[in-house]
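Quick notes on the structure that follows.
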Amino acid sequence: MKHPASKKDNVADIRFITNNEAVPEEHGSFSALVNWQPLYNLYTVDDTVVVHLELAGVDLQDVVIFLRSRYMFIEGNRIAPTIIEEHCVFHNLEIPYGRFMRRIDFPMPVETRQYRYEMRNGVLTIQFKVVEKKIIPVEGE
């Protein structure tokens, strides 16, 4: 399901923060609580920046994206499955759980209010429109 920036269809799975609210600090006190960083791919197609983030097992309602024209911070939480068995013995633990945060820098400025996102098979895809260059004509004397 693709979601535009507007909430016409009352979809608000991911919280995008695009105004001047404070963005998290990469090396601040919050970083001590971060357990892992999602892997991502970033590429451009024409006037669009595309980001794919590996977020398998993450509920989109637990995701917040702080969006600026040159970068974004994504943060959230992946909750470990509940183990009910009394005598459980783990033999392998590779999947990270808990808080995550990642800063992603864009190769060019993006429009912070023009984005689309989709979650499919554990991969979040976000598309951002590139800021259009505005040419202001200068009149000679």
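The values are calculated or read from the model by the stated rules, or taken from the named source; none is laboratory data. Computed from a prediction, not measured in an experiment: that's the story for all the values here. Here the Cβ positions follow ideal geometry from the backbone for every residue, glycine too, while neighbour counts run over all protein chains shown.
Can you confirm whether segment 81-98 contains a residue that is touching a Ser or Thr at 6+ places or on another chain (Cβ under 7 Å) and either of a type in the set (Lys, Arg) or closer than 19 Å to ALA56 by Cβ (or both)? Scanning segment 81-98 turns up no residue that is touching a Ser or Thr at 6+ places or on another chain (Cβ under 7 Å) and either of a type in the set (Lys, Arg) or closer than 19 Å to ALA56 by Cβ (or both).
Selection of segment 34-43 for residues being among the hydroxyl-bearing types (Ser, Thr, Tyr) and either within 16 Å of LYS133 (Cα to Cα) or loosely packed, with under 13 Cβ neighbours inside 10 Å (or both) yields only TYR43. In segment 103-141, the qualifying residues are those that are acidic (Asp, Glu) and surrounded by 12 or more Cβ atoms within 10 Å (Cβ to Cβ), and the one that is nearest to LEU39 (Cα to Cα) is GLU118.
Of all the listed residues (ALA32, ALA56, ALA22), the sole one being in a helix (DSSP H, G or I), at pLDDT 60 or above and out of contact with any helix residue (DSSP H, G or I) (no Cβ under 9 Å at 6 or more places or on another chain) is ALA32. Looking at PHE73, PHE128, just one residue is in contact with a strand residue (DSSP E or B) (Cβ under 6 Å, 6 or more places away or on another chain) and without any contact (Cβ under 8 Å) to a residue 60 or more places away in the chain, and that residue is PHE73. When you look at ARG70, is it loosely packed, with under 14 Cβ neighbours inside 10 Å and either within 22 Å of LEU42 (Cα to Cα) or in contact with a helix residue (DSSP H, G or I) (Cβ under 6 Å, 6 or more places away or on another chain) (or both), yes or no? When the stated conditions are applied, ARG70 passes them.
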